[in-house]
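Quick notes on the structure that follows.
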Amino acid sequence: MNPWALAVTIVLAALSALHLYWGLGGRWPGHDEHSMVERVVGRTQGMKAPGFWPAFFVAAALAVSAVLVAVVGGLVPGPDQPLPAFAVATGFWGSGAVFALRGLAGFSRTVFGYAAGTPFMRLNRLFYSPLCLAIAAGYVAAYLAG
């Protein structure tokens, strides 16, 4: 059993479920649409929470990433997989790179400068970006342990 792959797979599945929850109208960590947008997106003036389809597509991408980690980490049998190994590796490392870049971007004033003064900025620096960097590191650890 690859504990790193298991941990990353669980985190990605939970994030996928969270995005689906938002797509279905959930408002946590806020209490209404405005406070949710303020904490999750960082924009407030007239912006609405993403609708079902955008949230669903992010949830689906996170779910696919979870499956890729599970396959590469040996949690799911690989020999009978329907995709060629290079496609799995490309998806695995590509999604890992997205998390690394998102994590690093969270500490850039240019990328998230629009959110200055919102609760998102504080949450991003304390939780969202470090979580993305931890997930990216988890990809490497899952690969090495697999």
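The numbers here are math on the coordinates, done by the rules we state, and not lab data. Quantities reported herein were computed from a predicted structural model and do not represent experimental measurements. Cβ atoms come from the backbone with ideal geometry, glycine included; neighbour counts cover every protein chain shown.
Points to keep in mind about this one:
- Inter-label distance for S108 and Q45, nm, one decimal - labels placed 7 Å from Cα along Cα-to-Cβ: 2.3 nm
- Listed residues G23, G46, G117, most fluctuating in the chain (Gaussian network, C-alpha, under 10 Å): G46
- C-alpha center-to-center spacing [segment 1-44, segment 47-117] in angstrom: 13 Å
- Cβ crowding within 10 Å, taken as a proxy for footprinting-reagent exposure, orders I135, I10 from fewest neighbours to most as I10, I135.
- On Cα atoms only, tilt of 3-23 relative to the major axis of the chain in degrees: 40 degrees
- Dividing the Cα radius of gyration of the chain by 2.2 N^0.38 Å, with N the residue count, gives 1.12.
- For segment 7-90, the fraction of C-alpha pairs more than 19 angstrom apart is 48%.
- Normalised by the number of residues in segment 3-145, the average gap of Cα pairs under 8 Å and 6 or more apart makes the relative contact order 33 percent.
- Net length gained if the chain between F127 and A14 were fully extended (0.36 nm per residue, minus Cα distance): 39.2 nm
- Gaussian network model of the chain, Cα within-10 Å springs - most flexible of A66, A136, A14: A14
- With the simple model of a label 7 Å out from the Cα in the direction of the Cβ, V140 to L101 spans 1.8 nm.
- The chain, helix-only ellipticity at 222 nm - DSSP H runs n ≥ 4, -39,500 (n - 2.57), divided by all residues, nearest 500: -21000 deg cm²/dmol
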